[in-house]
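Novice: Sharing a structure, written as structure tokens. Questions coming.
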Amino acid sequence: MPDIEILSVANPPPFLLEPLQAKYIVHQRLHETDPAAFAKVAPKIRAIQASGESKVGADLIAQLPALEVISVMGVGYDGIDVAAAKAQGVVVTHTPDVLNDDVADLAIALMLAWARQIGRADRFVRAGEWPKGPLPLGRKMSGARLGIVGMGRIGQAIAHRASAFGMKIAYTARSAKPDLPLTYYPSAATLAAQSDFLVLITPGGAATRKLIDAEVLRALGANGCVVNVARGSVIDETALIEALRAGTIAGAALDVFENEPNVPQALREMDNVVLTPHIGSATAQTRRAMADLAFNNLDARLSGQPVLTPVPECQ
Ligand code: 8YV
């Protein structure tokens, strides 16, 4: 069998990189580290291995005439130019479903962490503040109004968990889902006006860029908390910082940011904000399941088999 060359544009975990290297010649970020060497192998590259955060633009795709598949280890693929890939006959795959539980768990954890001040309480005890007096009171999450922006698989998993907390759940999405027993609002602003917690779990990309802007934050109001487990691009980060500063909203719990891994200093200094470093799917169990699916998608295509989980545009 001829040696097959692939390009990794991300930094895959060992449990993905090792099986790839066992079967293929893997050029690890060669396009960035050594463009001259990359130009020589580019005509032979048949697959790209990417992550949910990777950027694979039309310019890179155009340099790879033998490319057959872009396999994303992640459910989000907003950094991939799917139209350019399709135009060149390249299939794009991702890893849906296997991460639903973890991302939904984190959304609930962030809401609880913010409402019950877990981070602040932990810092309070460690700093020896307790003997001086009690921590200021937190907020009750059970029974509160939850608005979910995006009602796909993960949105539904969040709703399922939130119902166990007796939350009053509503959502917005591109269209209403009449089979769900939840209240639908046609826009993020109308949903925000009826929410205590506004959880974002909509795909990133041009269609949702800065969807959560100053107007939506005003609608959420002074008692509201915005929780982002989607993409940083979904919030206007400047408007968010301004709203947090001015008390237009009560707080935020954020797992994703506009310019990861850089988090604005203003957010890092605020006490009414909970911050995590994009860990929605970051458990050993789920990352392994994602890696297996990413490998199997890439391998299927290069073996002439149908891929397992193409992105919707490639189905
Ligand atoms: C990861 C993600 O960041 O699935 C996604 O869309 O954002 C994540 O789970 C990542 O792509 C893991 O490789």
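Novice: Counting only residues that are buried (at least 19 other Cβ atoms within 10 Å of the Cβ) and under 16 Å from S303 (Cα atoms), which one in the range 6-30 is farthest from the ligand (Cβ to nearest atom)?
Specialist: Here the residue is Y24.
Novice: What residue, among those in the range 72-91 that are over 18 Å from the mean Cα position of the chain (by Cα), of a type in the set (A, V, I, L, M, F, W, C) and part of a helix (DSSP H, G or I), is farthest from the ligand (Cβ to nearest atom)? Explain how you work it out, then say what you get.
Specialist: Of the range 72-91, the ones over 18 Å from the mean Cα position of the chain (by Cα) are 83-91.
Narrowing the set further to residues that are of a type in the set (A, V, I, L, M, F, W, C) leaves 83-85, 87, 90-91.
Now drop any that are not part of a helix (DSSP H, G or I), which leaves 83-85, 87.
Numbers: A83: 19, A84: 20, A85: 17, A87: 23 Å.
Among residues in the range 72-91 that are over 18 Å from the mean Cα position of the chain (by Cα), of a type in the set (A, V, I, L, M, F, W, C) and part of a helix (DSSP H, G or I), the one farthest from the ligand (Cβ to nearest atom) is A87.
Novice: Then there is this: Out of V273, V199, which single residue is open to solvent by less than 30 Å² (accessible area, probe 1.4 Å), over 23 Å from R174 (Cα atoms) and more than 15 Å from the ligand (Cβ to nearest atom)? So that I can check it myself, show each step before the final result.
Specialist: On the way: V199 fails: over 23 Å from R174 (Cα atoms).
Step by step, each of V273, V199 is checked, and only V273 is open to solvent by less than 30 Å² (accessible area, probe 1.4 Å), over 23 Å from R174 (Cα atoms) and more than 15 Å from the ligand (Cβ to nearest atom).
Novice: I'd like to know if the range 253-267 contains one or more residues that are in contact with a strand residue (DSSP E or B) (Cβ under 7 Å, 6 or more places away or on another chain), part of a helix (DSSP H, G or I) and surrounded by fewer than 17 Cβ atoms within 10 Å (Cβ to Cβ).
Specialist: Taking every residue of the range 253-267 in turn, at least one turns out to be in contact with a strand residue (DSSP E or B) (Cβ under 7 Å, 6 or more places away or on another chain), part of a helix (DSSP H, G or I) and surrounded by fewer than 17 Cβ atoms within 10 Å (Cβ to Cβ).
Novice: Do the conditions hold for A66, that is, is it touching a helix residue (DSSP H, G or I) at 6+ places or on another chain (Cβ under 9 Å), near the ligand (Cβ under 10 Å from one of its atoms) and not in a helix (DSSP H, G or I)? Talk me through it step by step, then tell me what you get.
Specialist: Details: touching a helix residue (DSSP H, G or I) at 6+ places or on another chain (Cβ under 9 Å): yes; near the ligand (Cβ under 10 Å from one of its atoms): no; not in a helix (DSSP H, G or I): yes.
When the stated conditions are applied, A66 does not pass them.
Novice: Here is a further query. Output yes when any residue across the range 137-148 is open to solvent by 10 Å² or more (accessible area, probe 1.4 Å) and not in a loop (DSSP other than H, G, I, E, B), and no when none is.
Specialist: Yes, the range 137-148 has at least one match.
Novice: Could I ask something else about it? Give just the number: which of (1) assigned to a loop (DSSP other than H, G, I, E, B); (2) touching a strand residue (DSSP E or B) at 6+ places or on another chain (Cβ under 7 Å) does E53 not satisfy?
Specialist: The single condition E53 does not satisfy is (2).
Novice: Inspect all residues belonging to the range 162-181 and state whether any of them is under 28 Å from G52 (Cβ atoms) and in contact with a His (Cβ under 9 Å, 6 or more places away or on another chain).
Specialist: no
Novice: Provide a single number: the residues in the range 182-196 that are touching a helix residue (DSSP H, G or I) at 6+ places or on another chain (Cβ under 8 Å), open to solvent by 10 Å² or more (accessible area, probe 1.4 Å) and among the polar types (S, T, N, Q).
Specialist: So the answer is 1.
Novice: Within the range 220-234, can you find the residues that are within 15 Å of the ligand (Cβ to nearest atom), open to solvent by less than 10 Å² (accessible area, probe 1.4 Å) and β-branched (V, I, T)?
Specialist: Matches in the range 220-234: V234 only.
Novice: I'd like the full set of residues that are over 26 Å from T283 (Cβ atoms), open to solvent by 30 Å² or more (accessible area, probe 1.4 Å) and touching a residue at least 40 places away in the same chain (Cβ under 8 Å), limited to the range 31-82.
Specialist: R46, E68
The values are calculated or read from the model by the stated rules, or taken from the named source; none is laboratory data. All values derive from a computational prediction rather than experimental measurement. Reconstructed Cβ throughout: ideal geometry from the backbone, glycine too, with neighbour counts over all protein chains shown. Ligands, DNA and RNA are excluded from the accessible area calculation, which covers all protein heavy atoms including side chains. Shrake-Rupley method; radii C 1.70, N 1.55, O 1.52, S 1.80 Å.
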